[in-house]
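Step one of this worksheet: look at the structure below.
The values are calculated or read from the model by the stated rules, or taken from the named source; none is laboratory data. On a predicted model such as this, the values are computed, not experimentally measured, just so you know. Positions of Cβ are backbone-derived with ideal geometry, glycine not excepted, and every protein chain shown enters the neighbour counts. Side chains are part of the model used for accessible areas, which takes the heavy atoms of the whole protein and leaves out ligands, DNA and RNA. Shrake-Rupley method; radii C 1.70, N 1.55, O 1.52, S 1.80 Å.
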Amino acid sequence: MNQKAKKSAKSQVEGAKVMAEKANTMVGKMSLTLSLKDGTEVDIYKCRAKNVGRVMDFIAFVMKEMNIENFGEMPSNVDFTDPKLLLPLLTNAASRIIYLSADLCSLNHEEVSDLELDDMIILVTRQFEVNKDFFLKNVLPSARIDLKG
């Protein structure tokens, strides 16, 4: 292999490493451990590629519930960690939230569905906090969601 080809191969390997590090930073592993009222410790994860569809489906649902047709109309002062906003969303989207929450933490679907409501609100709030920057800054500005359906 000549010098130029070696440099190119080395450059590609380095580029792949940088991309992998960026992907790990964006998608991540565990980010936070939460203790529930009963002492159960729950690891909260950053969103992974396999969860993006469910997350985007939920975001589209929330926007539809809030009568927001595009991201430019999203009020900047909306606090998605406010239980007054979360409670109606939990009511109207219970199954969506349960499956999504199970995807984003160390509990399985059954364990999430058996949580007391206040633990569920805390779990969803923490999951939002862990993932909001990535979605609000990187995904939502370029996403196209059909809010008519």
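Considering only the stretch 97-116, state which residues are surrounded by 12 or more Cβ atoms within 10 Å (Cβ to Cβ) and touching a residue at least 24 places away in the same chain (Cβ under 8 Å). Once the filter is applied, which keeps residues that are surrounded by 12 or more Cβ atoms within 10 Å (Cβ to Cβ) and touching a residue at least 24 places away in the same chain (Cβ under 8 Å), the stretch 97-116 yields Ile97, Tyr99, Leu100, Ser101, Asp103, Leu104, Cys105, Ser106, Leu107, Leu115. All of (1) open to solvent by less than 50 Å² (accessible area, probe 1.4 Å); (2) modelled with pLDDT of 75 or more; (3) farther than 20 Å from Phe134 by Cα hold for Leu89 with one exception: (2).
Scanning the stretch 109-125 for residues that are touching a helix residue (DSSP H, G or I) at 6+ places or on another chain (Cβ under 8 Å) and in a helix (DSSP H, G or I) returns His109, Glu111, Val112, Ser113, Leu117, Met120, Ile121, Leu123, Val124, Thr125. Only one of the listed residues (Val18, Val55, Val78) is part of a helix (DSSP H, G or I), within 21 Å of Lys137 (Cα to Cα), of a type in the set (Val, Ile, Thr) and modelled with pLDDT of 60 or more. That residue is Val55. Among the residues of this structure, Ala94 counts as one that is of a type in the set (A, V, I, L, M, F, W, C), modelled with pLDDT of 65 or more and open to solvent by less than 50 Å² (accessible area, probe 1.4 Å).
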